[in-house]
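Report on one structure; see the data block that follows.
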Amino acid sequence: MKTGMIATLAGLAVAGASQAAFVSYVVVATDVTSGATALTRYEVFARFNGATDTVLNAFNLRSAGTTTLNAADAGGFWHKDNSDYNGGILGQAYGTWAPQLTGGATTNRPFDSFLLIGGNPLGTNTTNADPSWGAGAGWNQAQLPIFANSELGWFNSNPPNNQGRVGIAPNTATDVKLGQFMLSQGHAARSYTLTVGYNNGAGGSVVFGTGNFNLGTPVPAPGAIALLGLAGLAGRRRR
């Protein structure tokens, strides 16, 4: 299992005295195999430093450094949900991002892409897709839709249940899960920007945090590759 953290604060509004702040996105990457298909599961969490911070929605999902989703970042996802669109079969052509339809806890869910605002990916989860997903397929589609100006998002439709609050299981004391993305092992790295809206879980004002997260291992910059080469030469000389 590999864990990566990308902490980027941008345009964070001033929080109330009883509310702390969004810290970063955290990505946990795990290599798994379904049948003969080698996959990497990327679990994306929003991290906070307050005891009652509660995520209400996530929106403006887009490729980092742009105002939209690049085609390369919108596709390539695997699904194995138990919806009518997929039927529990691992594939990239059909599926849904709805957390209510993830299927079996061991046979489907570990290999399925879905989005949520905390809680468990079960039928009782109250996460819904923003209208921006479209009146047709909505989020019952295998890949992410592309818009001229990205407004792609999802939200907790019943915020009083505190489903997105830190410290309420299965959320940890600091982290709230926002999504699970399944890609083929060795897939090219990609970077996204996402904004979360949250409050103190007790009716406090809503504030926002924006940050980046990566799926995949970034290729080292040319300068870093050169430094690695020099390190290798130095090691050989010491021998």
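The values are calculated or read from the model by the stated rules, or taken from the named source; none is laboratory data. Everything quoted here is computed from the prediction, not taken from an experiment. With ideal geometry, Cβ positions are generated from the backbone for all residues, glycine too; neighbour counts draw on all protein chains shown.
Points worth noting:
- Residues within the range 110-131 that are closer than 23 Å to Tyr192 by Cα and in contact (Cβ under 8 Å) with a residue 24 or more places away in the chain, tallied: 15
- One residue from Ala142, Ala221, Ala234, Ala148 being among the small types (Gly, Ala, Ser), modelled with pLDDT under 95 and under 22 Å from Pro99 (Cβ atoms): Ala142
Residue-wise test of (1) among the charged types (D, E, K, R); (2) closer than 29 Å to Asp53 by Cα; (3) modelled with pLDDT of 95 or more.
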residue: Gly87; (1), (2), (3): no, no, no
residue: Leu90; (1), (2), (3): no, no, yes
residue: Ala98; (1), (2), (3): no, yes, yes
residue: Leu116; (1), (2), (3): no, yes, yes
residue: Asn120; (1), (2), (3): no, yes, yes
residue: Asn125; (1), (2), (3): no, yes, yes
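- For the criterion of being modelled with pLDDT of 55 or more, of a type in the set (Val, Ile, Thr) and either part of a loop (DSSP other than H, G, I, E, B) or closer than 17 Å to His187 by Cα (or both), Val26 fails.
- Of everything listed in (1) touching a residue at least 60 places away in the same chain (Cβ under 8 Å); (2) within 22 Å of Gly204 (Cα to Cα), the single unmet condition for Ser157 is (1).
- Count - residues of the range 156-188 that are farther than 19 Å from Gly50 by Cβ and among the small types (Gly, Ala, Ser): 5
- Residue, surrounded by the most Cβ atoms within 10 Å (Cβ to Cβ), within the range 37-53, restricted to residues that are among the polar types (S, T, N, Q) and assigned to a strand (DSSP E or B): Thr40
- Restricting attention to the range 86-109 and to residues that are among the hydroxyl-bearing types (Ser, Thr, Tyr) and surrounded by 17 or more Cβ atoms within 10 Å (Cβ to Cβ), the residue that is farthest from Leu194 (Cα to Cα) turns out to be Thr102.
- Apart from one condition, Ala189 fits all of (1) hydrophobic (A, V, I, L, M, F, W, C); (2) in contact (Cβ under 8 Å) with a residue 40 or more places away in the chain; (3) surrounded by fewer than 16 Cβ atoms within 10 Å (Cβ to Cβ); the exception is (2).
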